[in-house]
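In what follows, a structure is listed as structure tokens, so that the remarks can point back to it.
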Amino acid sequence: MATDEPNSGSNRGPNQGSKGAAGPRRGGATRGDRSRRRPDGGTGRPRSPEALVAEGLLQVVEHGRSLDQVLPELTGRAQAAHRSVVQAMSYEVLRHYEQLAWWRDQLLDRALNPRAVDVGMLLVVGLERLTGSKREPSRVVNAAVHAARELNHNWATGLVNAVLRRAVRQVEAGETPLGAAPPAVRARLPDWLFGMLAADWGEERAVEIGERLATHPPMTLRVNATVEQPASYRERLAQLSIESRPTRYAPHGLTLTTPLDVERLPGFGQGEVSVQDEAAQLVVGLMELAAGQRVLDACSAPGGKTLAMLDAEPDVAMTAVDIAVTRLARVQDNLERSGHFAELVCADLTGEAIDTPGAFDRILADVPCSGTGVIRRHPDIKRLRRPEDIKALVERQAIILERLWTLLRPGGRLVYATCSILQRENVHQVEAFLDTHPDAVAVPMSVDWGEAQAVGRQLFPEVDGPDGFYYAVLEKRAEAR
């Protein structure tokens, strides 16, 4: 959804690149042996990062579990010194999964037996370490071979060694097949999602978007300008040897050169600064807030935009809605940190009335969406989403937009927002709404960010810049034509 941390879903993932026949050699463990194996490979010790990441990848890709669900289990079993490594590797492997899995399949003489799918995942992890880490190739290969033993696949040690050494030779000779890979592979996207992006923006642009979605996202701050100006706060960071630079579009944003723990940020606990992507910060300027207005933040969790609006204009009457009590608890945490108040309402906006018609002067329609604009922050989205999910989301967005419109007073303003880069969730959704609502007017957006669409503006993910976002501004006529 178009929140600062979108829900990436939990649909079952597909088998990637299975061709079908190779498996354990004769003499491998029997099914009975496997049932008695210890989950730690019989050592009684935490597993290596490579083995843990391979297991986590299997859970995401094959069993449809989100990375947020899997990571606590993995890091809990890792040595303390390896926990951050396991987390970073998990994200990087998923960012490049489609390309790595395709390369793995080119390196294999024949496909792995589906029962050895965790070996296939281990090979993907090994390929990422060969290309994405600074470790010596021989150490990467040896670590993967050791991880195969930890995963109780002694039969696969020779295979893992041979495949990864073949990859090393390709890298050293500059002869990897990746340059000749299909466009979806080069974009690091599943075929269905690449197809949708190519239909919207063209194949070449879709590859470029996919490549950006595979980059590491920046850590961006929003400075509470009612307390301190960004330039002054940047000086405070510099005194602590924390490097930052002003954001390109958001007036109160700073991007850190190196991400760090929020507890190291001066004033974070007092609400002087928040962590928020640059694209999400742009909503405040579109809302045109003023003291005394009633403002509704729909689908508000985790509360980053709620807080940004209250920081900009604390004298509005804010109502924040979300579908889950647990998610609203995060909104409350943000409000308490900054000393703001908002009425919190737990409701499903597709079916519940939360107030009387025309009750609000301003509404932020931060609707549930595919999250395709924030894949670099949540790379499991690529493996968990399905084409049918997009259709269901579009239908849900239309229902929410319809219900929110009744809550807007004549002359009021609604900002429609998603963290999607798919036109069917964005410009096409708003165009369809305008076609059936003569009392709705699209407001031109005089801004220097994003690309103008038929209605609204589309931001695309930028390296070291904002995530992918869409905004449209609608106003309700004082009198219907």
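Every number in this text was worked out from the coordinates using simple rules, so none of it is lab data. Computed from a predicted model, the values in this text were never measured in an experiment. Cβ coordinates were reconstructed from backbone atoms using ideal geometry, including for glycine residues, and neighbour counts include every protein chain displayed.
Values computed for the structure shown
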{"item": "Residue 333 vs. criteria acidic (Asp, Glu), in a helix (DSSP H, G or I) and under 24 Å from residue 448 (Cβ atoms)", "result": "no"}
{"item": "Yes/no for residue 88 being within 20 Å of the chain's Cα centre (by Cα), surrounded by fewer than 21 Cβ atoms within 10 Å (Cβ to Cβ) and small (Gly, Ala, Ser)", "result": "yes"}
{"item": "Positions within region 446-463 being closer than 16 Å to residue 280 by Cβ and in a loop (DSSP other than H, G, I, E, B), in sequence order", "result": "447, 449, 450, 456, 460, 461, 462"}
{"item": "Options 393, 474; residue that is of a type in the set (A, V, I, L, M), outside any strand (DSSP E or B) and surrounded by 23 or more Cβ atoms within 10 Å (Cβ to Cβ)", "result": "393"}
{"item": "Residue within region 367-378 that is under 23 Å from the mean Cα position of the chain (by Cα), farther than 30 Å from residue 98 by Cα and free of Cβ contacts under 8 Å to residues at least 60 places away in the same chain present", "result": "no"}
{"item": "All strands (runs of 3 or more DSSP E) inside region 178-279 with 3 or more residues being of a type outside the set (A, V, I, L, M, F, W, C)", "result": "244-246"}
{"item": "Residue in region 415-423 that is in a strand (DSSP E or B), under 26 Å from the mean Cα position of the chain (by Cα) and more than 30 Å from residue 184 (Cβ to Cβ) present", "result": "yes"}
{"item": "Verdict on residue 143 being small (Gly, Ala, Ser) and closer than 20 Å to residue 105 by Cβ", "result": "no"}
{"item": "Candidate set: region 421-437, residues that are of a type in the set (A, V, I, L, M, F, W, C) and farther than 17 Å from residue 473 by Cβ; chosen: the one surrounded by the fewest Cβ atoms within 10 Å (Cβ to Cβ)", "result": "422"}
{"item": "Among the candidates 375, 354, 381, 363, residue that is in contact with a strand residue (DSSP E or B) (Cβ under 6 Å, 6 or more places away or on another chain), crowded, with 23+ Cβ neighbours inside 10 Å and not hydroxyl-bearing (Ser, Thr, Tyr)", "result": "363"}
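One line per residue, one yes/no per condition, for (1) of a type in the set (D, E, K, R); (2) in contact with a helix residue (DSSP H, G or I) (Cβ under 8 Å, 6 or more places away or on another chain):
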position	(1), (2)
201	no, yes
204	yes, no
229	no, no
235	yes, no
246	no, yes
268	no, yes
276	no, yes
